[in-house]
1. In Å², what does the accessible area per residue of the range 107-208 work out to with a 1.4 Å probe?
2. Quick one: which of 38-50, 69-81 comes out on top by average Cβ neighbours within 10 Å, and what's the full order, highest first?
3. What distance in nm lies between label points placed 7 Å from Cα along the C-beta direction at Leu207 and Lys582?
4. Mind ranking 594-600, 296-302, 539-545, 158-164 by how tightly packed they are, going by the mean number of other C-beta atoms within 10 angstrom, highest first?
5. Hey, any idea what % of the range 209-312's accessible area is carbon plus sulfur with a 1.4 Å probe?
6. For the range 200-211, take each phi angle, set θ = phi - 60°, evaluate the Karplus expression 6.51 cos²θ - 1.76 cosθ + 1.60, and give the result in whole Hz per residue in order, putting x for glycine and proline.
7. Once you have a ≥ b ≥ c as the square roots of the Cα gyration tensor eigenvalues for the range 590-694, tell me rounded if a/c is under 1.5, and otherwise prolate or oblate according to whether a/b is larger than b/c.
8. In sequence order, what are the phi-derived ³J(HN,Hα) couplings for the range 213-225 according to the Karplus relation 6.51 cos²θ - 1.76 cosθ + 1.60 with θ = phi - 60°, rounded to whole Hz, with x for glycine and proline?
Amino acid sequence: MQKLFILIAFSLLITACSQFSNSPMSKAWHNTNARFNSLIIARENMKQAEKDLFDKREENYSSLMTIFVPIDSVKSQAVATNLKEVIDKTSLIAERHSNSKYLAEAYILLGKSRLLKEDYINAVEVFKFINTTSSNEKGKHSALIWLMRAYTEQKDYDTALKVSEVLRTLDLNNENTRDFYLTKAYLHQKREEFAISAAIGEEALKLMSKGEKTARVHYAVGQMYDLLGQPAKAMPHFQAVAKNRPNYDMEFYARMNTLLDQAAAQRGSTAGVQENFKKMLNDRKNADLKDKIYFTMGGIEMKKQNYPKAIEYFNASLRNSKGNSTQNAYTYLELAELHYNQLLKYDVASMYYDSTLTALPKTSTDYERIAKRAISLGDFVKYQKVLIVEDSLQRLAAMNPAALDKTLERVIKQKEEDERHMQEMAQKIISQNSIPVERLSDKDADFKRWALYDPLVISRNKSDFQQLWGSRPLEDNWRRKDKEAGSISFKVEKGIVGQEPASKQVLKQTPEEIKKQQDDKDALALEGKKKELYDKVPTTAEKLIASKRKQEEAYYQVGKIYKFQFNEPQNAIETFQTLLAKFPTTVHEVEVLYLLTLLSENQATSPYRKTLIDKYPASTYARQLMRGNVQITGDTESKAGVVYSQAFNLFSNESYDSAMKLAEDGLITYTGTSIEDKFAMLRIFLFAKTEQKEAYKQALNEFIQGYPSSSLMGRAKEMMAVVEKK
């Protein structure tokens, strides 16, 4: 009997401990084990992981700060041990304590750890599972918020918005309301809907306690209001940063942005603001941040359109940099944009864009855009130089010999001066980014370099040396060789081979002889340069044609850069019009007429459209303009087939002229039909048979551009490959 009682008691105990039981004893047992054996450990590890990731984050205060610290699986490797512990402990709760009241929290911790590892698929599945299976309302709401975050990180913004719409209808507690607002603000920020994001961020801040994370959200909201052009709304947020225990850098940049907003709000004299900046320059704590201070001062002068002062401050920022390549990149970018947009100095702008790419991390969101602009501007500068050079050479060709000789001398001197200026500019840009220099005086933007680091001093000393000693290679005993050097000539009389020189004689030169010798050298060098330049002057008909051809191509390329890369339609129109005026028979006439039509305010009434269709009706560009006006029916297709058969039969019978007329008429009449590409290919064959090489090549090019999905494209590319090999 006693044994039976023990067996029954043991059975009841086993049943009570089952995770599938809903008895009070079972739940109490599993709650206790889940909490003390797993959940507390998982919580602490997640808390430590989040703290470490936040403390070790790298912020770029010059660019827009995100509401949340971006998730990066590479950086999460530093807390991989913590995350593994979270996954292990929460998995135990799911496996062994499924009736515990802590199950929802355990799953949320599991999903968060997956999310921090950028394991989005599994994170989404976990959050969905909680929402559909849990009876814990707080846990379900929290899971939906994290699900919304996961979709946002995946850039699946539409799905994230659908989740937010569901959350909007739920009765959330304060903690979940705060997290919902923060996640929704983050979502809209990612969608670049800054007005919505900033407004929701302000609501979230009302529910946040003081701390560095709150300071960070204030900073992000302030930045978004600045982007919206609302400095009055941005300023309170930047001022609130200091009240929330931020790190020094965040507090510094918030103060900087506050001063910027004050300057924007004043809309007049900013002397008081600049005085505050000077005080910051004098503060020892800001010794490593002077580059940012000068950069911000330059931004204020930019807004006032005081461009010389802005350039001065931007250069001061570069000179005061202590290896802050990202800050340097944005400073170079400001200088590039200023020289391009305001000063129209494209060659200088091109150098600054190149320097921007050198300093800017390739992971930057701006990198691709800036790289495209740098390449485009490099090409633009190249073609602009062609236009200037060829125009100058053509004017030289029209001069009489005496005037030409004097002009060549003047051109050479001017070229040398321009090259010296550009070299100094290039060296200045390079040295600002890579050569250590002395710090600027806080009271004066002028500065001095140590002589060995100053490219101007180096250049001047090198010139002085060469005038005295000539051009010398780096070698031992360079002054004792049998060489002439400036005012002294060392002559060594040779003795018998294998013996020491019999005597040494030093010949001195008079100042007059030195001057004459130098004048002779300069005259000889000048004549050489004049001859080299004279050879480039188009003095013959052939050279003049080649020069004009270079100009024609340059106008065409510059016009395309204006239209497609710089998005400057008016400049594109003016360039194309100049091309047609100066070169009425240009090989690019068809395409230029088409582009001018597209650039016209009213394409239907554009004179360029009429000229193109009247003059080149069979061209791809003309047919492209007409295509929308043609109604294609079954009868049209049938007639097109008949005409094509007739044209092909004429081609087969070697009646090339008749076939060409029929093919070109068919191209125009049956534009938009399914066999339009066949008419175009037949026309190409006819150009080949009649040996019209240029027309053949142009028609091939037009076919490849105009019929990318044609079944004849492979044949066209094979034919083009043969042409290009010749």
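The values are calculated or read from the model by the stated rules, or taken from the named source; none is laboratory data. Keep in mind that what you see is a predicted model, and the values were worked out from it rather than measured. Glycine gets a Cβ as well: all are built from the backbone with ideal geometry, and neighbour counts include every protein chain shown. Ligands, DNA and RNA are stripped out before the accessible areas are found, and what is left, the full protein with its side chains, is counted by its heavy atoms. Shrake-Rupley method; radii C 1.70, N 1.55, O 1.52, S 1.80 Å.
1. Per residue, the range 107-208 has an accessible area of 47 Å².
2. Ranked by mean Cβ neighbours within 10 Å, highest first: 38-50, 69-81.
3. Rounded to a tenth, the inter-label distance reads 6.5 nm.
4. 296-302, 594-600, 158-164, 539-545
5. Numbers: 2410 of 4860 Å².
For the range 209-312, the apolar C and S fraction of the accessible surface comes to 50 percent.
6. 5, x, 5, 5, 5, 4, 5, 9, 9, 8, 5, x
7. Oblate, since a/c reaches 1.5 and b/c is not below a/b.
8. 5, 5, 4, 5, 5, 4, 4, 5, 5, x, 4, 5, 5
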